[in-house]
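Working notes, beginning with the structure itself.
What follows draws every value from the coordinates through simple rules; no lab data is involved. Everything numeric in this text was worked out from a predicted model, so none of it was measured. Quick reminder, even Gly has a Cβ in these numbers, built from the backbone with ideal geometry, and neighbours come from all protein chains shown.
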Number of protein chains: 2
Amino acid sequence: MVKALLFDVQGTATDFFSTVCDEARRIGAGRHPDANWPDVVRRWRAAYFAALEAASGRADGWVSVHSVYRDALDAVLDEHGLAGFSVAEREELTLAWQRLRPWPDVVAGLTRLKDRYTLATLSNADVCAVVNISKRAELPWDAVFAAEMAGVFKPDPAIYRMAATYLGLDAGEIMMVASHKYDIRAAGALGFRTAFVARPLEFGVDGEVDVAYSDEFDVNAADFLDLAQQLGC
Amino acid sequence: MVKALLFDVQGTATDFFSTVCDEARRIGAGRHPDANWPDVVRRWRAAYFAALEAASGRADGWVSVHSVYRDALDAVLDEHGLAGFSVAEREELTLAWQRLRPWPDVVAGLTRLKDRYTLATLSNADVCAVVNISKRAELPWDAVFAAEMAGVFKPDPAIYRMAATYLGLDAGEIMMVASHKYDIRAAGALGFRTAFVARPLEFGVDGEVDVAYSDEFDVNAADFLDLAQQLGC
């Protein structure tokens, strides 16, 4: 019955935490050897969520996620007392969000799923970010869908409906896959099938993350290989 | 300087003529052994172009290309006196446009180009048609862009600008690749680089098609392998 799978990218398919931590250390560790980079990245991601929520109430046009991360970075560095980053370094660090590494199960899991299902992203990241991440990591999507195409961010219902229209499928023929329950709950409320994937390391070894399986979802999976197995691939 | 290539799909990357002719013969030849299927397909494609042109003047919402082909088919079958096609057969025949076969050079050419360039479609076909064609033929796009995402058809400038925005690139960093000069001329007028690919068999061995190379384009190529070679891949 399910013909297509839609995947969240930042956190579900990719390990932004270690990628961005590594890049922050590479650029900033010489200057700030004692900085708490994991905390910087967690605060940066939180500022991103706050900015997206603020943007969703406005009607004054689209805001690129790159600009959201770039603006949030200044505040986060100030907050941590991390001075001395040049404009070029701040831009370079922000671009780490366009070079996110996939979790180790992702390429193999998607490759197995691709034989039976149409695979597409449904990401709040900018289209170019999803394209850059996917090309670099060789993620075998059949299509890239992103909030930028809908003009609204997840969990706005319009973005899930956009994906269904583009796929030419009914909601019940599509499964939304994410490690964030707000995302799959929003899709599920519109009649999409849902798959929760646990990503216990989304915010690092000390990070707080909800990985509890729940009967409210059609599938609960440990990773993309487990998802493939449960979907018969 | 060029970082991404945008490809037309119907005619440039795929051989719609032979695909749709074969499907029409398969479905209709038993009933109409003497029908001129090549002419039916040429008229069907012409009716599609006329409908797109008519649609581009309207502001009453999007028209799916599937519905354009489906509506045009009735008129073309009537015109040729080809009676007896059931509704299900007409639907099945229309879906041939979502199963178009690539020209024989396309997969190999794209595979070579993909190492150096971001590859995306820019098609007037529906998103789901491009996805279905590409998945079936294993066309290695990095992204699928289509008129449906812009709400207008090529050669409207808005669709080329949309692709540049989604790619996060300037027009001059993108090359539009097509076998139709109106398409690459429209992109070129906006500052895109242009590649003309000759497809002498676009309308079959007796079809009329403009395959003349021209200095107005940055590249003139015999096929996608020739394009890859000229672009250093």
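Tally the DSSP beta bridges in chain A and give the antiparallel ones as a percent, rounded to 5. Provide the component values of the computation, followed by the final result.
Values: 1 of 21 bridges.
The antiparallel fraction comes to roughly 5 percent.
Which value in nm describes the separation of the simple spin-label points at A:Leu190 and A:Cys233, placed 7 Å from the Cα toward the beta carbon?
Calculated label separation equals 2.1 nm.
Based only on Cα atoms, what mean projected area does the convex hull of the range B:99-141 have, in nm²?
On the way: hull surface 11.7 nm².
Over every viewing direction, the Cα hull of the range B:99-141 projects on average to 2.9 nm².
How high is the relative contact order of chain A, in percent, counting Cα pairs under 8 Å that sit 6 or more residues apart? Don't skip to the end; give the middle numbers.
On the way: 374 pairs, mean separation 59.2, N = 233.
It rounds to 25 percent for chain A.
If amide hydrogens are placed 1.01 Å from N in the peptide plane, which non-local residues have theirs closer than 5 Å to the one on B:Ala221?
Excluding prolines and chain starts, which carry no amide H, the hits are B:Phe196, B:Val197, B:Ala198.
Using the Cβ atoms and a cut-off under 9 Å, what net charge is assigned to the surroundings of A:Gly109, where Lys and Arg are +1 and Asp and Glu are -1?
Net charge around A:Gly109: -2.
At 222 nm, what value in deg cm²/dmol follows for chain A if DSSP H runs of at least 4 each add -39500 (n - 2.57) and the sum is divided by all its residues, to the nearest 500? Working shown, then result.
Numbers: 10 runs with 107 residues, N = 233.
Value at 222 nm, helices only, nearest 500: -14000 deg cm²/dmol.
Return the whole-Å distance between the Cα centroid of the range B:99-140 and the Cα centroid of the range A:72-89.
42 Å
Any chance you could check the Cα centroid distance between the range B:27-54 and the range B:150-194 for me, in angstrom?
29 Å
So which trypsin sites (Lys or Arg not before Pro) in the range B:1-81 end up in coil per DSSP with only 14 or fewer other C-beta atoms within 10 Å? Don't skip to the end; give the middle numbers.
Numbers: sites: B:Lys3, B:Arg25, B:Arg26, B:Arg31, B:Arg42, B:Arg43, B:Arg45, B:Arg58, B:Arg70; in loops: B:Lys3, B:Arg31, B:Arg58.
Filter output for the range B:1-81: B:Arg31, B:Arg58.
At 24 angstrom or more along the helix axis (alpha-carbon based) and mean Kyte-Doolittle of -1.0 or higher, what helices does chain B contain? Whole DSSP H runs only.
Working: long enough: B:37-56 (28 Å, -0.01).
What comes out of the filter, once short or polar helices are dropped, is B:37-56.
Would you grab the residues whose amide H sits under 5 Å from the one on A:Asp15? Only those 5+ places off in sequence or on another chain, please, with H modelled 1.01 Å from N.
Correct list: A:Arg101, A:Trp103.
Kindly give the distances from B:Asp71 to its copy-mates, label point to label point, with each label point 7 Å from Cα along Cα→Cβ, as nm values to one decimal ordered shortest first.
Between copies, matching label points for B:Asp71 lie 4.2 nm apart.
By a straight-distance test (C-alpha under 23 Å), which lysines pair with B:Lys114 as possible cross-link partners, with residues fewer than eight away in the same chain excluded?
Correct list for B:Lys114: A:Lys114, A:Lys135, B:Lys3, B:Lys135.
On alpha carbon coordinates alone, what is the Rg over Rh value for the range B:152-233, Rh being the Kirkwood radius? Please report the intermediate quantities before stating the final value.
Details: Rg = 13.3 Å, Rh = 13.4 Å.
Across the range B:152-233, the Cα-based Rg/Rh ratio is 0.99.
Note down the net charge around B:Ala46, summing +1 for each Lys or Arg and -1 for each Asp or Glu among other residues with Cβ under 12 Å from its Cβ. Present the calculation step by step, with values, prior to reporting the outcome.
Numbers: positive: B:Arg42, B:Arg43, B:Arg45; negative: B:Asp39, B:Glu53, B:Glu79, B:Glu208.
Charge balance near B:Ala46 sits at -1.
Give the average, rounded to an integer, of partner chain Cβ atoms located within 10 angstrom of each Cβ in A:140-149. Display every interim value, and only then the final one.
Numbers: counts 2, 5, 8, 12, 7, 4, 2, 0, 3, 6.
Per-residue shielding by partner chains comes out at 5.
By the scheme Lys and Arg +1, Asp and Glu -1, what is the net charge of all other residues having a beta-carbon under 11 Å from that of A:Val87?
-2
What residue in chain B has the Cβ closest to the axis turning B into A, and how close is it in whole Å?
With distances in whole Å, chain B gives B:Met149, 3.
Taking the Cα centre of the range B:33-76 as the origin, how large is its charge dipole in debye, to the nearest 20, when only Lys and Arg (+1) and Asp and Glu (-1) carry charge on their Cβ atoms?
That gives the range B:33-76 a dipole magnitude of about 120 debye.
For the range B:1-118, build the charge dipole from Cβ charges (+1 Lys, Arg; -1 Asp, Glu) around the Cα centre, then report which of B:Tyr69, B:Tyr48, B:Tyr117 sits farthest towards its positive end.
Value: B:Tyr117.
For A:Arg116, which inter-copy label distances result when the label point lies 7 Å beyond Cα on the Cα-to-Cβ vector, reported in nm to one decimal and in ascending order?
4.0
Starting from the Cα gyration tensor of the range A:1-125, take the square roots of the eigenvalues, sort them a ≥ b ≥ c, and report rounded, prolate or oblate (rounded when a/c is under 1.5, otherwise prolate if a/b is larger than b/c, else oblate). Before the final figure, lay out each step's value.
Numbers: a/c = 2.90, a/b = 1.56, b/c = 1.86.
Verdict is oblate for the range A:1-125.
With +1 on the Cβ of every Lys and Arg and -1 on the Cβ of every Asp and Glu, and nothing else charged, how large is the dipole of the protein assembly as shown about its Cα centre, in debye rounded to the nearest 20? Intermediate results must be reported in sequence, preceding the final value.
Numbers: 46 positive and 68 negative charges, 74 e Å.
So the dipole magnitude of the protein assembly as shown works out to roughly 360 debye.
Where Rh denotes the Kirkwood radius from the mean inverse Cα pair distance, what is Rg over Rh for the range B:106-195?
Working: Rg = 12.4 Å, Rh = 13.3 Å.
Ratio of gyration radius to Kirkwood radius: 0.94.
Under a point-charge model restricted to the Cβ atoms of Lys and Arg (+1) and Asp and Glu (-1), what is the dipole moment magnitude of chain A relative to its Cα centre, in debye to the nearest 20?
Details: 23 positive and 34 negative charges, 96 e Å.
I would put it at about 460 debye.
For all pairs of alpha-carbon atoms in the range B:43-115, what percent lies in each bin of width 5 Å, listed from the first bin to the last filled one?
3, 14, 19, 17, 14, 12, 11, 7, 3, 1
Among A:Glu202, A:Glu89, A:Glu148, which one shows the biggest mean-square fluctuation in a GNM of chain A, springs joining Cα atoms closer than 10 Å?
Answer for the Gaussian network model of chain A: A:Glu89.
What Rg and what Dmax come out for the protein assembly as shown when only alpha-carbon atoms are used, in angstroms?
In Å, with Rg to one decimal and Dmax whole: 23.8, 83.
Which order do the peptides A:113-119, A:214-220 take when ranked by the mean count of other beta-carbon atoms within 10 Å per residue, highest first?
Working: A:113-119: 18.1, A:214-220: 14.9.
Ranking, from highest mean packing down: A:113-119, A:214-220.
Per-residue counts of other Cβ atoms within 10 Å, averaged by peptide: what ranking do you get for B:93-106, A:75-88, highest first?
Working: B:93-106: 19.8, A:75-88: 13.2.
Peptide ranking by packing, descending: B:93-106, A:75-88.
So what's the projected area for chain A, the Cα convex hull averaged over all directions, in nm²?
Details: hull surface 49.2 nm².
Result: a mean projected hull area of 12.3 nm².
Residues in the range B:159-179 near a label at B:Glu53, defined as backbone nitrogen under 20 Å from the 7 Å Cα→Cβ point?
Within reach of a label on B:Glu53, which here means backbone N under 20 Å from a point 7 Å along Cα→Cβ, the range B:159-179 contributes B:159, B:179.
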